[in-house]
Structures are given as C-alpha cells and as structure tokens.
1. Sum up the charges of everything whose Cβ sits under 12 Å from the Cβ of Leu228, counting Lys and Arg as +1 and Asp and Glu as -1, but leave Leu228 out.
2. Show me the ranking of peptides 168-180, 40-52 by mean Cβ neighbours inside 10 Å, starting with the highest.
3. Taking the Cβ of each residue in Ser159, Ser133 as the centre, tally the other Cβ atoms inside 10 Å and list the residues starting with the fewest.
4. Assuming R0 = 35 Å, what is the FRET efficiency of Thr251 and Gln105, from their Cβ-Cβ distance, to the nearest 0.05?
5. How do Thr165, Thr381, Thr251 rank when sorted from fewest to most other Cβ atoms within 10 Å of their own Cβ?
6. In what sequence do Val15, Val269, Val155 fall when counting other Cβ within 10 Å, fewest first?
7. What net charge do the residues around Ala69 carry, taking every other residue with its C-beta under 15 Å from that of Ala69, with Lys and Arg at +1 and Asp and Glu at -1?
8. Of all the C-alpha pairs in the chain, what % are more than 40 Å from each other?
Amino acid sequence: MVSTSSSLLSLSEQVRLVQEGKISAVALVQTQLDEINRLNPKLNSFITVDADDALEQARAIDEARENGARLGPLAGATIGVKDSIPTKGLRTTDNSRLLENWIPQEDASTVKRLREAGAIIIGKTNLNEFGWSRPSETDLMPPPWSPWNPDRMSVGSSSGSGAATTARMAAATIGTDGGGSARLPAGAHNLYGIKPTHGLVSRLGMDHNGHSEISPLCRTALDTALMLEAMAGYEPKDDMSWPGKVPAYATNIKADISGWRIGVPRTFVDSAPNEPEVVQAFESFLRKLELLGCELVEFELHGMAEARSANFLVLNSEAYQRHQKSLQSHWNLYGAITRVYLLQGAFLSANDVLNASEVGRAFRNYFSEILSSLDLKAIATPTSPFATAERSRRPGEHSRGINACYTSPFNISGHPSISLPAGFGDAGIPVGSMLTGELHDDLTLLQLAFAYDQTNNWNSLVPPI
C-alpha cells in the first residue's frame with residue numbers, strides 16, 4: 001500500500017490543498033519522490049526522475065503562495081511526461097539508445113502549457129521504443145510492470161505513464177495515443193484516459209505523426225478535465241492545431257445526463273475476440289449508464305476494421321519515413337523488434353497512404369453522421385478485447401492491431417474518445433470501457449465520465465504494492 005496519505009489524494013485535491021496552504025508543494029513533491037524511490041525499482045515506470053528541479057519548482061510555488069500571488073490551476077500537481085515528449089533541459093530518450101543522451105532545448109507545446117498552469121514535471125515515463133513495436137527486455141529501459149500484478153507487464157505504449165499514475169508516483173501523467181496507446185494503458189490501470197479531438201492539443205515540438213494525440217491519464221474524471229483544459233489551445237505554428245476556443249471543462253463538468261442517448265454497436269462488439277472478463281465489465285458499465293438515466297440504443301456500426309487498418313498503415317508509413325535515414329546510419333542502435341516494426345513502412349507506397357487517408361475521411365464523415373442521425377451523445381464499447389498485456393501483445397494479434405480494434409479507428413477519424421475504469425480481470429488487472437463522441441465535443445465525454453465517476457469508488461482502490 002502507498003505509505004503516505006498525501007500521495008493518495010487526487011490531482012484536484014492536491015491542487016486545492018496547495019492553493020489553500022494546507023499542504024506545501026515541497027512536502028507533496030517529496031512524498032511523490034519517496035514513492036518513486038520505493039516503487040520504481042520494481043515497476044520501471046520512470047526512465048528519468050528530475051528530483052532536484054521538481055523540488056525547486058515546488059519551492060517557487062510555496063513562495064508565491066506565501067507572497068499572495070495567484071497560483072495556476074495545476075499549482076503543485078506532480079506530472080509525469082511520456083519520454084517521447086520533449087522537455088527542456090531534461091533528458092528525453094524515447095526509450096532508445098539512439099537518443100540516450102538527448103537533452104531538448106525547448107519544451108513541447110503541451111509541456112510548456114502544463115508548466116504555465118503550475119504543474120511540476122517530476123520525471124519522464126517509460127514506453128515501448130519510440131512508442132512503436134512491442135516492449136523488450138533489451139530496450140534502453142526494460143518494460144514497466146503492472147502495479148496491480150507486478151508479475152504482469154503494463155499495457156503500452158504509454159505503459160510507464162499508466163503505471164506511474166495508478167501507483168501514486170505522480171498525480172497524473174501524459175502519454176501519446178496513435179492507435180490506443182493512452183486509452184489502452186488507462187483501461188489496464190484503473191484510470192481515465194482521453195484521446196482528445198484531433199488538433200485540440202497541439203503536438204508542436206514533437207515529431208510529426210498525424211493521428212497521434214497527446215493525452216492525459218488520471219485517476220478521476222475531474223482530474224482529466226483539469227489536465228485537458230490546461231493542455232488544450234491553439235498554436236499558430238502548428239498547422240494541425242484547432243483554432244476554436246477551449247471550453248472550461250472543469251467548471252462545466254457537472255451535467256444531468258438523464259435521457260442522454262448512448263449508442264451500443266452490439267453486433268460489432270460481439271464479433272470481437274473479447275475475453276470473458278472484458279464482456280462482464282462492459283455489461284456492468286452499460287448497466288451503470290442506465291442507472292444514471294442514459295438510454296442505450298443498439299445500432300449497426302460498419303467500417304471499424306477498415307478504419308483500424310488504414311490508421312496503422314498511415315502510422316507505419318510515417319514511422320518509417322521519420323527513421324529511414326537513421327536506420328541506415330545507426331542500425332545497431334535500434335532494438336531488434338523496433339527495426340522489424342519500422343521496416344514494415346518501407347513496403348508502402350504514396351498511393352497506399354493516400355488510399356488509407358481517404359478511408360479515414362470516409363469513416364470520419366460516416367461516424368459523425370451516425371451520431372447525428374441517431375441523436376447519440378456518444379457510443380460505448382470496451383477499451384480492449386483483452387484483459388492482460390500478455391494476450392494483447394501476442395505477435396500475430398499485436399501486428400494486426402487486434403488489441404486496438406476499438407480504439408484505433410477513432411485516431412484516423414479524429415473523434416474524441418475516453419477510457420473509463422470498468423472492473424478487474426482474473427489476473428487482478430483492471431479492465432476499461434470506452435465512450436466516443438462527436439468532433440470537438442470532448443466536454444460531453446467528460447460530463448459522462450464525471451457522472452459515472454460519482455457512482456463508483458474506482459479512485460479509492462490502490463494497487464497492492
């Protein structure tokens with residue numbers, strides 16, 4: 001069990017207590033550092049921990065509060081950042097020997113926004129090499145283990161982010177999601193993880209990857225709203241950035257959801273290779289939505305397999321194009337599994353990518369039309385058909401993206417999608433369910449998540465470590 005009570009607090013509770021002066025930011029950071037020192041040797045959640053700078057940031061927050069300054073909305077909150085996201089002055093490795101000693105000169109836009117909101121960057125979290133391929137013991141940092149069952153691997157690629165948040169080593173973390181890489185670990189770590197609408201959170205400062213979104217992983221729906229509100233915003237230098245006004249997610253998160261229509265693509269869900277624990281958790285999730293007053297509407301959903309394949313085709317092509325030159329010059333610095341995954345993109349033509357992108361556009365229009373014509377606020381599915389990382393990472397299923405059959409289509413379509421805690425599998429690993437809504441209506445998903453969050457005690461459950 002976590003040894004110090006302040007680390008059990010949610011992000012929103014930590015921020016409130018710091019702002020009220022009931023706990024110092026320094027004490028809070030030290031508690032999190034103590035938990036990292038205790039747990040990270042077992043779990044491999046963090047690649048790099050920035051203890052000295054985190055304490056310095058905390059001292060500055062405490063001094064500002066004592067001087068009567070107005071603190072930011074995330075003041076004192078400790079945040080872990082996936083090690084593929086650049087952090088100024090802090091080593092960013094992508095868990096690859098190719099970047100083992102790279103220290104960025106600038107923060108990614110999202111990290112800069114988090115700092116401006118008062119968040120304290122406590123360290124860089126583990127991932128599959130370059131967020132691609134499968135984890136390997138020969139990676140720069142060995143794979144993370146699940147805090148819920150340390151004999152089992154964490155689900156990735158934002159695996160370290162999921163493990164760090166659920167183990168209370170950070171108040172929240174951010175990951176990236178190109179096909180489910182934040183929602184899948186959120187589901188497998190008893191967390192809320194939202195993939196925002198495409199362009200809502202800028203990727204400025206990162207490698208170009210058209211369908212991957214920077215995503216928060218949090219222990220409560222309110223924490224998720226606070227994080228997304230701080231992360232979102234228009235960046236003029238980012239040609240994918242959405243220029244619209246960001247809603248006040250946290251202020252408007254409470255809503256009466258009775259009468260809201262939630263679609264259930266029953267035929268598609270039943271056709272997936274769902275494990276029994278996943279089915280049980282999903283049906284329980286649906287019952288809770290009904291108890292909250294939602295109307296469940298079964299409907300036919302087509303094109304998911306085609307959209308999933310199109311998304312991974314584009315990801316394969318982009319990954320290879322980014323690494324083509326360095327693969328030739330630094331072949332031995334790449335992990336063996338990563339090399340295999342990257343080389344898949346070498347066999348794709350420009351026409352393949354154009355056709356895949358057209359599939360994505362068609363699916364985006366089709367899915368939005370489904371939501372509109374049936375007057376649906378969102379659709380509900382499991383987050384993953386599998387209850388353990390070992391099953392989802394079987395080479396045949398992982399390479400075909402079966403573990404991402406529910407998540408990946410909404411990367412290429414751009415629709416917002418959130419994973420919510422829904423239960424536990426036989427191995428003691430959490431299982432998630434997912435809601436997906438209309439473009440630029442992330443608020444509705446957060447409102448549904450918040451109403452659901454009030455009916456359960458997921459946040460009070462702590463890994464047995």
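1. Within the 12 Å Cβ shell, the charges total -2.
2. Peptide ranking by packing, descending: 168-180, 40-52.
3. With the sparsest Cβ surroundings first, the list reads Ser133, Ser159.
4. Using R0 = 35 Å, I get an efficiency of 0.50.
5. Lowest count first: Thr251, Thr381, Thr165.
6. Fewest-to-most ranking of Val15, Val269, Val155: Val269, Val15, Val155.
7. Surrounding charge for Ala69 is -2.
8. Taking all Cα-Cα pairs of the chain, the fraction more than 40 Å apart is 12 percent.
Read-outs throughout are calculated quantities, based only on the coordinates presented, and are distinct from any laboratory measurement. Quantities reported herein were computed from a predicted structural model and do not represent experimental measurements. As a convention, Cβ positions derive from the backbone with ideal geometry for all residues, glycine included, and neighbour counts pool all protein chains shown.
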